[in-house]
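Single-structure report; data block below.
The values are calculated or read from the model by the stated rules, or taken from the named source; none is laboratory data. Quick caveat: nothing in here was measured; it's all calculated off a predicted structure. Methodologically, a virtual Cβ is constructed for each residue, glycine included, from the backbone with ideal geometry; neighbour enumeration extends over all protein chains shown.
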Amino acid sequence: MHKPGNVLMVCLGNICRSPLAQGVFENMSKNFKIKVDSAGVASYHAGYPPDKRSVNIAQKNGIDISMQKARQIRTKDFNNFDYIFVMDKENFHDVRELFSYHKANSIIQLLNDPFEIEDPYYGDDKGFEIVYDKIYQGCKRVLNNWK
């Protein structure tokens, strides 16, 4: 029996990497009692659906993320989530800085630690395929260590 938990995936704008990570992790952890959500460090895209390229690569892999809506990370997230997985070192430092201002219990890590998952936003479809693979590897690592 695996322990229950809450996981928050975080990237910069919550439209490319973290919605994809949310979908992949939800799909991989179906047999676990884990609540998964995603958020962005910035509010640029709050209320918007994921980038079409993220939706497409998820669909190619049997995952539907089209109904997600972007949101910015909130202070209450630091108490509502056991784990906060971020995509790159810049996001990691931003989240740690926010975290340092609040009494909180979350464990903050790079999803694909020690490697970063680069932002594919300004690239092409190939970049999203690479990001999907890195997210998959990170989610697999997390679940292999889930006790």
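What to note about this one:
- Residue within the stretch 45-52 that is closer than 20 Å to residue 80 by Cα and of a type outside the set (Asp, Glu) present: yes
- Close pairs from the stretch 117-129: first over 11 Å from residue 88 (Cβ atoms) and in contact (Cβ under 8 Å) with a residue 40 or more places away in the chain, partner of a type in the set (Ser, Thr, Tyr) and surrounded by fewer than 14 Cβ atoms within 10 Å (Cβ to Cβ), Cβ under 6 Å, at least 6 apart: none
- Taking every residue in the stretch 39-56 that is without any contact (Cβ under 8 Å) to a residue 40 or more places away in the chain and pairing it with any residue that is of a type in the set (S, T, N, Q) and in a helix (DSSP H, G or I), at least 6 positions away or on another chain, the pairs with Cβ-Cβ distances below 8 Å are 39/18; 40/18.
- Criterion: assigned to a strand (DSSP E or B), under 14 Å from the mean Cα position of the chain (by Cα) and not polar (S, T, N, Q) - qualifying residue of 70, 58, 39: 39
Conditions (1) modelled with pLDDT of 95 or more; (2) touching a Leu at 6+ places or on another chain (Cβ under 9 Å); (3) polar (S, T, N, Q), marked per residue:
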| site | (1), (2), (3) |
| --- | --- |
| 21 | yes, yes, no |
| 30 | no, no, no |
| 48 | yes, no, no |
| 57 | yes, yes, no |
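- Scanning the stretch 108-147 for residues that are under 14 Å from the mean Cα position of the chain (by Cα) and among the β-branched types (Val, Ile, Thr) returns 108, 117, 131, 135, 142.
- Filter result for residue 76 (among the charged types (D, E, K, R), farther than 14 Å from residue 9 by Cβ, in contact with an Asp or Glu (Cβ under 7 Å, 6 or more places away or on another chain) and free of Cβ contacts under 8 Å to residues at least 60 places away in the same chain): no
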